[in-house]
Structures are given as structure tokens and as C-alpha cells.
Amino acid sequence: MTASRWRAPRTVEEALAILSAEPDATPFAGGTDLMVLMRLGMLGAGQFVDLRGLSELRGISEDGEGLIVGALTTYSDMIASRLVVERYPLLAEAARVSGAWAVQNRGTVGGNIANASPAADTPPVLLVYDAQIELASRGGTRWLPYSQFHVGYKATRRKPGELITRFRLPDARGARGFYRKVGTRSAQAISKVCLAGLVRWQDSQLEDVRIALGSVAPTVLEARRTADYLRGRRSEAIDRGTARALLAAEIAPLDDIRSTAHYRRAVACNLLEQLLDETQPS
Amino acid sequence: MSVGANVPRRDGFDKVTGRARYVDDLTCEGMLHGRTVRSPIPRGRLERIEYENGLPWDEIIVVTAADVPGTNRVKLIDLEQPFLVEQEIRHREEPVVLLAHEDRDLLARAVRGIRLVISAETPVLSLEHSRTEFLARTLEKGSVEAGLAEADVVVEGTYETGAQEHVYIEPQGMLAEPHPDGGVTIRGSLQCPYYIQPALALLLDLSPERVRVIQAATGGGFGGKEEYPSIIAGHAALLAVKSRRPVKIVYDRMEDMTATTKRHPSRIRHRTGVTRDGRLTALETEIVLDGGAYLTLSPVVLSRALIHAAGPYRWPNVRVKGRVMATSYPPHGAFRGFGAPQSIFALEVHLDRVAHAIGLDPIELRRRNLLRADDLTATGQAVDPGVDVGHVVDTALAESRYAERRVACTAANRGSLHVKRGIGVAAFMHGAGFTGNGEIALASRAGLQLSPDGTVTILTSSVEIGQGSATTHAQIVSATLGLPLAMIVSSASDTAIVPDSGPTVASRTAMVVGGLLARAGRELLETLREQAKLPGSHSVEDFQAAARRYSVDHGPLTVMVQYQRPPGRGWDDKKFTGDAYAGYGWACYVAEVVVDTRTGEVTVTDFHAVQEVGRVIHPVIARGQIEGGVAQGVGFALYEHVVWENGIMANPRLTNYIIPTSADMPEVHVRFLEVPLTSGPFGAKGLGELPLDGTAPAIVNAINMALGTQIASIPALPEVVLDALADRPGA
Amino acid sequence: MRWQTGPAHELRVRIELTLNGLRVGADVDPLRRLLDFLREDRGLTGVKEGCGEGECGSCSVLVDGVLALSCLIPMGQMHGTTVLTIEGLTAEQTEGLSAIQEAMVAAGGIQCGICTPGIVLAAHALLLVRPQPTVDEIRNALAGNLCRCTGYTAIQRAVLQAARAHQENHA
């Protein structure tokens, strides 16, 4: 596959102008997903917009409401960011397990989200942190709760001509986090299942909880019914069997080349229990 | 003295600077690229080949079976497998059409522009459904019926190992150059130049000397480049001969994984008799191997599996029946270990089960039955003189602090709900060199060429594939001749220059070929003493003077020697009795694991590999063989799962066929014991395949100890472990 | 299943970069892989292709001082960058080999050698940011470079050896 058009805008404005004129053009961020798709013959249009020059989209900062992560922020950037490591540790953890070092240097959070693989490592974390995603087009920008972004397998709410520009994660202080990715080997593996959780305890009452999983549905999945059951309960009122059954019912794992539905379901429930074990107030 | 020393590795500089030239780094004037069009279905009859309109077929070189000048059969053990399909299709990815062109993009379109019209037939896609037996052999000693009757307990078990893909990091490739006189020169990634030469001679109807084979730097083989390269070489040569241009074929990773050989999958059933006090009375074993669609090297894989099935134990009564079945999968072939990993896995995991059945510690069961100095193996071979198998086991147990660690694991498990620890052991041996009379049949030759200035060039067809053979051979010759390494030259691996020393396989390169070189060295010294006044005890200068003298008086000197069977009982291939190998490496491996029962994930946290190998020529190289082999064994045990779908590997990518990374491997502690083998050079025996035998059973035994499970198949993926946990009685 | 290539277009972009210390320029297809540019257009065959999909690490190079997989980078993104390959690392040494290269040879970190250029560059990249890495840091930094021959232990020893040598030289 070679390009019929390759544009390298220097500003977001320029990029959006190009995308507005050529809505089918493929935005090219780190390229770690796209280059593999190209080899597999699965890359569609021959028009590309290279985003690497858009340095304003790369970076991590804080404002009054929380963390802002530019869409072109790499995994290595997130791992190295003191802000992320200390205040949004699940994000750093997901970045650490997202492929080997060379991939972390190049892969971007925006590219990962745009690629919309249900097995991706970062989406469950963005969900439990209640992230917002900013989409920009020639006509302006809009924010969307990330939980609404994925609508089906590899289908998102990104409209033609739109670029993902930023993520915002609200303040997560006081919450305890859990993240675990299960794969065949320790490093550099696509997950069989992964689970992220964020909980807030008030004395021994589970005041708030969000749980999200990867590789158990056509998109990243937020386990709402399970969370609803847990929310507001005192720890002694949490029936593990009930929680497991609710989770097992709301996920839809498949048999595929990497694992089985049976395994994914069993392990998802085990990870749920591990989440509860490890985030208990001491 | 260079033997036993960590001398600088000969090929190190070129490899670490990126200067080493592998086949894909080679180009030549006028070179075309070649591609292969393969059968998309596993069984059928080729009716015709259709060429899509609109492609410039007149400029594309097209080769089919009809273009074969000689015989369209790959010369190996039998003469059944074609280089290119004629009519019968026996497996998916079977090569049908070859294409060549300068432009790789056009070539790719041409590949897609060919339609093979095939009438499909029903394939055989499981061992259960196979009705065609390639061959069967039986190894028998004593009376298994009597032995089972004498036993207090009979323990049964069925064990399975899956296919394993080599994953040499350099995919396969060949470059063929045609000569005006009809001959060809082949350069490529390979282990056996003298397998390729006769195969191409037959294919192209050429006398062997017109086929010149030169090994390029080769990025790993592990048996995957033993016999398969003959096929790519033949393909490249056919295109080169037809086009009269050099042609290079290099497989990409997916093609390599789908089309080339893998380790034979196995299913092995044991029925074992044992007395209450832990004496083994009878070994009844049935081994079934999946050979895939063609025979390739299956007879020897089966032989080795049979001979290793009894392990390093004393069995008064043995019956091991083995057979290789034909299926519609791409043919399985050579892979480090070559049948022994399969049967040793089954035996060693089974023995833990046997121990459990009589309430005996698994080490104690082994100890009570290990071969002693005056015992004979199942084929009636004596233990290598001086080897104390018990000592090998004891050393491994001491180094790994087995007893203490076992207690610690058990205690830790009591206090841990989810994370369990285990420690497991495997005791085993591996015969070095070709099985039975194989070395006699090979009649290997190796030699030394003396230059007037005293430098000595090594002439063998053994090739450097990473195992350090260029270095270790040089050490053997340097030590034999009393010369510094700088005076020992490694020749190019070129059939125009080197004799047939047999293939670079079977843990034979240091022991058998190194042994030939040592003998050549001794004969060279004798010649110089008799004819060039070399003193009985010489300095380097003496040697150089003698070399000069010889050259002046007699001309060039090349000493060539041929393999002679060492003294011993000989091997009866019909009865399967006698000395199966010139020598065995004896080993005991201990693995420690941690298992997370919530996910079934297994991590190997510690590993001790103790082996008796005669003599270590180069400690770092030898240790590297064990460390690397253990990593392959970890993959074999835990990660490497070939997913078969419709007769093809459905996960032919490194993203979904998982091998260990540096983050997965613990430190591997390696210890060598040395009881010199008289017939080995400086006492050395082969060691390269040992780690593929003992690693997987030690790990599975550790998992079963940690969890109380009875996992009996590998890879022990997390899914398998989780199911095994659920299957435990009372779980 | 096969890797695909599609119809060729004529599109070329002008790329200028610093390659192994040299300023080079080329008119290339923007989707041409950096790997192919290095191996075929520049003759730098020390960069290897083991899988073509970013899994084996044998195509590793340094781009702007950071470890990168040349099989996953299109030339269209290479304008104005700095690239270091194994040839460049070797040429940088005023005499002999770099500490990591010496250590790799001596410690048994090299067997068949096909992963070696990528491993050396990954280790080099690590030592640039972590002159005294722990074994675990080495393990993780090299987890993207597959080796089928060594089992990694000797490679880890080599990196520690190189780190020590560097410390001694600068002590």
C-alpha cells in the first residue's frame, strides 16, 4: 500500500482543514497500529494526514478540574509523568503494559483510542477515571464522556473530519485503584482479559465504584450493573457470589485465537474479587 | 590450552557490528525475487491453474512441476514429497507454482492473480481420524505382562505435547545463481549443505559437483533449517534455471510459520507397574506421533522417541510401541530434541503420578530406580563408564536446595489463598549423535589443510548457526595441534571446499565432527613428525618450520578422516537393541514456579539445570546452549500453542504465537559435570538438545505439586491450568 | 494469510534526516518503511526484518535518541529526525567496539546474531537513560527484543558488564 496523498500539517487548524476537505483521509499518529494493518492489507484509503508535527497535542498538564492529556501523548510520556504516576496511577500502569519499550515510545493514547480495539489496555482505565474526550473539527470542538465514545466493534462516535485532541480526567484523589491485565506471558502481550477499577470507601461503606474491562465485549465495557450492586454497600453486605454472577451476565466474551469465553468469564470474576480484596480499607 | 577456556567467539565481531551477511542481506546483479503460490485447501486434486488477465505474465517467470528437469521429489529418507504439486494435494500451503520478477509489488499481485482450481477431498485433521500409518516400531525387553502382574500398583496416564514452531528470528531464505553450464550455486540460511546438494542434483538432473551450496550467516535453526531448506533451495534453483537469472526467495514470518515444519505433536499412553516400596517393574508405553502429510524425518524422530521413552531408569520389563500417523497437516520435521522431548515429557510427568499413587516422594521413587553403573538401558546399553546418574540428580537437588524449597513452598501455600508455589524435577538423558547406525551410514568426513606458514584450515560441512561450532571446532584443533587459535582458520561453509561431515544436528557437531577433527589433527602431527622432522614435543615455531619443510619437500597437505564407530556393542536396528548412541548426556533439572490460581498464569521463578556432558569445550558457549534451550523449553511448556484451523496454523504471527521474552525468564543456573567420554574429543559429548528434554516436565511437575492438579499436556496455558484446578477432586 | 502490498503510486515526498551522523536526503514514498529505506536504499543491512509487525525488535534503531521499530515507521514521518543504526554505533567508536558490544561478545550474549543489532541498540538506549540499571530494568527494557538462542541471561550479564565498565571509566 502506498500513499496517494501524504500531508504533514504543522498546526491543528491546518490538520482540521485537510480533514474537512478529505474526510476519508486516515490520521496517522504513532503508526504502531496502522503500519501493521497496512501489512495485513487492511488499510483502506490511500490518503494520510501525518499528525506528528502537531506538538500542541502532546503533553500532560493539570487545570482546576483535573488532568489534561493531549491525544498525541505517548505511553512513555505517561509513564514518565510524575503527575500521572502519583495521581492517576492506573493510567501509568496501563501504559507500562501496553507493549514493549519501543512501542511505548511511539504509540499514542489518541491513536490507541481511535483504533478502538476491544483488547486495548488503556480504555478500561479511562472509563473508570470517568474521562472526557475532546473531538475537534473545522467547525469547532466538543467534549464527550469517554463512556459514550465507543458504540460497537471498531465503531466510535468520531465523525469524518474529526480528530481526537484531548482527554480530561477529573480529580481522582481519595480513590483507590486496581488494574490487572492477564496475558499469556509477562510482557508485550495482547490481553486475554483486563480489568480496571476505581473505588471510594467511606468508613466501611463502598461509597463509589467504577469497573471496566477489556477483551470481554466488542468494545471496552463498563460493568454498570455490577457496580450498581456494589455501590453503597457495607463490605459485610457484599455477597461475592452475587457480584460475580452479575459481572458474568453483563460481559460477552468470545472464543478467539487468544483465549476462550469460558476462561475470560471465570477470570473476569476472579479479577473482580481481587479488586475487592485489594481495595478494601485496611 | 584452549579447550575449557572462554576464548573469544570467532563470529562475534561481525555479528555485533551488523556486518554478518544473512541471506536477505545478499543481492547480486540481475537478481529476481521469487514467491510461492500454495494450496489453499488441505486435500484435493489440482485440476488446473488459471492466470488472471491483465497481468504481464510474459515478463513474469512461472515454474510448475512440469518445468522440473530431473525428478520432482525431495531426496530425504523416502522419495515421496514433491517440490511442486503435480496433481495430488496433501496439505495446505503445499507449493504449486513459483513466480519470479524484479519488482516485488508486481510479484505480489501476480501471486494474488493465480487461481488454483482444485477438487477438494476430505482431509484428515486429527490423529483420531488418521487411518494411514507412516511406520511403526517396537522396543521390547523382558515381559511386560509378567512385570505388571508382579506389581502392587499399576498406574496409567495419557500425555500430550503440541506442535512447536521453531521461531528462528531469521526467517528462511535462499538465493540461487544459475551457471551457463547448467549448474547452480545456492546461498542461504541452512544447517545441512550436504542435504541440499543431493536434493538439488536429483531435482535438476545434475551431477552433485554442479550444485554448489554455500551457507550464509544463519539466524537460528533448531532443526527447522535441517531438511526444509532443500525445498526452498530447489524452488529458487528452478526459477533461476528457467530465468537464467539469480533468484532470491525469502519467506516472511507468516509464510514461514504456516508452511514450514514443526515439532511432531504426540500422544503417549503409559501403564506402569510399581511395587509398594517403589520398585518399577514394568513400562508399557504407546507413542503416537503426528507426522503431517509427508514422511520427512519421522522414522528417526520415532526411533529417538522410543529409545528415550524409558529414561535413565532400571526397567526389568519394557514394551514401547510407537507409530507415526499421516494427517493432512504441513509435514512435521526436525526440531531440537527430535522425539525425545515428547517421550521424556510423558515419562517424567507420569513418574510423579506413579510416586503419588504409592505415597512416595517423587525424588525417592526416582532414586530407587536410577540406572547404576552396572545397569543396562532399555536397549541393553551400558551407562557411560564412570557416570554416576545418582550423583547428577543429587547435585541438582543440592544446588536447587530442593528439599528445603519444597518445604518452603508447601508452607507458603498453606498461608496463601490465591498464589501457589511449586517445585518440580525431571531426570533424563539424551543420546548424542545420530541414532543407532546413523553415524555409520553418514560416513562423515572432516579434515585439516596445512598452509606453508603453519596455519591450519578446518574443513567440515558443520555450519555455525549460533551454537558456536566455528569456535569450538577451532578450540579442539588448536588444543590438539598445540597452536594458538589465531593459527586455526575456519573455512567458508562451501561444498566446493568442504567435505560432507554430515548435518549440523543431533548434538553431534562437537562430539562426532569435533572428534574427527581431533583425529585429523593427530594424524597431521604424525605426518609432520614422520616426514618433516617435527619433534615429539613441539613449539609453535617448530610447527611452522615443519610446515614450511613439508611444503617444500612434498607440496600441499590435507589430512581427511572418516567416521569410525567407536568400540562397543553395535546396534541392531531390527530388534532395537544394542548401543543406540556413542554417548549420553545425563541431566537433572529443577524448576520453581509461582501460579496465580485466579488466572492460571504460571511464572517460572527459578531454574537449575545440571548435566553431565563429558567435557565442556567453551564454558560460556556451553552455558548459552543450556540457557537458550531452557527458554525454548519454557515456551514449549507454557506459552507456545499452535492453533490449527482447517489444516493450517491460524496464529502464524509473533503477536499470537508466544515465545518467552527477557521479562519472562528467570536466571537459569547451569552446572556442568564432566566424566570424559573416551571416544569424544577431549572427552566431550553433545549437549545442545538436553534442555528441550527436561525443562517442560520439570515445570509441569512443579505446577502439579503447587496445585495438586494432574496437568498432563503442554502447553500448560492459563486456560489449561484453570480447568485443571476445577478438575481436581473436591475442587 | 499473507502480508500485502498494494499498487504502486508515484507519490514521493522529500525527506531529510541525519543518519548515523550524516545528513542525507531522499525522495521517497511516504509509506515506505524506515526499515526498507535503511536496508535497501542506504545499504545498512545491519537492521534486520524478523517479523515485519513490531513484535521481534530485530529492526530496532534509535530515532531522536529513543528506541524505535523501523518496520513500523513510515518515511513520511522521518523528516528532520536523527537515526542511529548498529553501523552508526560501531562507527562512533574511536577505537574498538563500544562497551556494550564488547560485553555482548565476551558474555555469550551472541549466538546466531540476528537479534544482536536490535539488542545492542536497545541496551544502548537503556544505558543512555539508566547508566546503572537493575536486572529487572534490563529485563523490561529488552522485553521487546526477542531472542531464540540465548535465553536472555547472558544478554543481561552483558548489559550489567557494560554498565560496570562505563562506571569504572568515569570513576
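Structure above, values below:
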{"read-out": "The one condition in (1) away from chain B (no Cβ under 14 Å); (2) exposed (fewer than 14 other Cβ atoms within 10 Å of the Cβ); (3) modelled with pLDDT of 95 or more that A:ARG224 fails to fulfil", "value": "(2)"}
{"read-out": "Matching residues in the stretch B:161-200 - criterion: being closer than 30 Å to B:PRO265 by Cα and of a type in the set (A, V, I, L, M)", "value": "B:ALA163, B:VAL167, B:ILE169, B:MET174, B:LEU190, B:ILE196, B:ALA199, B:LEU200"}
{"read-out": "Any chance B:GLU674 is modelled with pLDDT of 95 or more, more than 9 Å from chain C (Cβ to nearest Cβ) and farther than 30 Å from B:PRO123 by Cβ", "value": "yes"}
{"read-out": "Hits in the stretch B:628-662 - residues which are touching a Lys or Arg at 6+ places or on another chain (Cβ under 9 Å), small (Gly, Ala, Ser) and free of Cβ contacts under 8 Å to residues at least 12 places away in the same chain", "value": "B:SER662"}
{"read-out": "Subset tally (residues that are over 30 Å from C:ALA141 (Cα atoms), part of a strand (DSSP E or B) and of a type outside the set (Lys, Arg)) for the stretch A:198-214", "value": "9"}
{"read-out": "B:ARG244, sole failed condition from (1) farther than 25 Å from B:TYR195 by Cβ; (2) surrounded by fewer than 22 Cβ atoms within 10 Å (Cβ to Cβ); (3) not assigned by TED's automatic domain parsing to the domain that holds B:GLU102", "value": "(3)"}
{"read-out": "Subset of the stretch B:699-723 that is of a type in the set (A, V, I, L, M, F, W, C) and within 12 Å of another protein chain (Cβ to nearest Cβ) - its residue that is farthest from the chain's Cα centre (by Cα)", "value": "B:LEU722"}
{"read-out": "B:THR527 vs. criteria within 14 Å of chain C (Cβ to nearest Cβ), β-branched (Val, Ile, Thr) and surrounded by fewer than 19 Cβ atoms within 10 Å (Cβ to Cβ)", "value": "no"}
{"read-out": "Criterion (in a loop (DSSP other than H, G, I, E, B) and more than 18 Å from B:LEU79 (Cβ to Cβ)) met by exactly one of B:LYS242, B:LYS225", "value": "B:LYS225"}
{"read-out": "Number of positions in the stretch B:430-459 that are more than 20 Å from B:PRO566 (Cα to Cα) and within 25 Å of the chain's Cα centre (by Cα)", "value": "2"}
{"read-out": "Among the residues listed as A:LEU195, A:LEU271, the single one being within 14 Å of chain B (Cβ to nearest Cβ), part of a helix (DSSP H, G or I) and crowded, with 23+ Cβ neighbours inside 10 Å", "value": "A:LEU271"}
{"read-out": "Pair list, Cβ under 7 Å, 6 or more apart: the stretch B:111-132 residue under 11 Å from B:MET325 (Cα atoms), other residue of a type in the set (Lys, Arg)", "value": "B:LEU127/B:ARG267"}
{"read-out": "Pair list, Cβ < 7 Å and 6+ apart or interchain, from the stretch A:175-193 residues that are closer than 30 Å to A:ASP203 by Cα to residues that are of a type in the set (S, T, N, Q)", "value": "A:ARG176/A:THR279; A:PHE178/A:THR279; A:ARG180/A:GLN274; A:LYS181/A:SER191"}
{"read-out": "Search result, residues across the stretch B:266-282 that are farther than 11 Å from B:GLU156 by Cα and charged (D, E, K, R)", "value": "B:ARG267, B:ARG276, B:ASP277, B:ARG279"}
{"read-out": "Matching option when the condition is over 22 Å from B:GLY337 (Cα atoms) and in contact with a Pro (Cβ under 8 Å, 6 or more places away or on another chain), among B:LEU200, B:LEU190, B:LEU175", "value": "B:LEU175"}
{"read-out": "Filter pass, A:THR32 being more than 11 Å from chain C (Cβ to nearest Cβ), in contact with a helix residue (DSSP H, G or I) (Cβ under 9 Å, 6 or more places away or on another chain) and β-branched (Val, Ile, Thr)", "value": "no"}
{"read-out": "In the stretch C:10-27, residue nearest to B:MET31 (Cα to Cα) [restricted to those that are among the aliphatic types (A, V, I, L, M), more than 19 Å from the chain's Cα centre (by Cα) and modelled with pLDDT of 95 or more]", "value": "C:ALA26"}
{"read-out": "Any pair with Cβ under 9 angstrom, 6 or more apart, that starts in the stretch A:236-262 at a residue that is farther than 21 Å from A:VAL182 by Cα and ends at one that is among the small types (Gly, Ala, Ser) and surrounded by fewer than 16 Cβ atoms within 10 Å (Cβ to Cβ)", "value": "A:GLU236/A:SER204"}
{"read-out": "Residue satisfying condition, being more than 11 Å from chain C (Cβ to nearest Cβ) and of a type in the set (A, V, I, L, M), within set A:LEU67, A:LEU37", "value": "A:LEU67"}
{"read-out": "Boolean, B:LEU690 is on the phi < 0 side of the Ramachandran plot, touching a His at 6+ places or on another chain (Cβ under 7 Å), more than 9 Å from chain C (Cβ to nearest Cβ) and modelled with pLDDT of 95 or more", "value": "yes"}
{"read-out": "Selected residue (criterion: farthest from B:ASP693 (Cα to Cα)) from residues of the stretch B:581-627 that are among the small types (Gly, Ala, Ser) and more than 14 Å from chain C (Cβ to nearest Cβ)", "value": "B:GLY600"}
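Results for (1) at the interface with chain B (Cβ under 7 Å from one of its Cβ atoms); (2) in contact with a helix residue (DSSP H, G or I) (Cβ under 6 Å, 6 or more places away or on another chain), shown as yes or no for each residue.
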site: C:CYS56; (1), (2): yes, no
site: C:GLY96; (1), (2): no, no
site: C:ALA99; (1), (2): no, yes
site: C:GLY118; (1), (2): no, no
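The values are calculated or read from the model by the stated rules, or taken from the named source; none is laboratory data. Treat the numbers as computed from the prediction; the structure is a model and nothing was measured. Glycine gets a Cβ as well: all are built from the backbone with ideal geometry, and neighbour counts include every protein chain shown.
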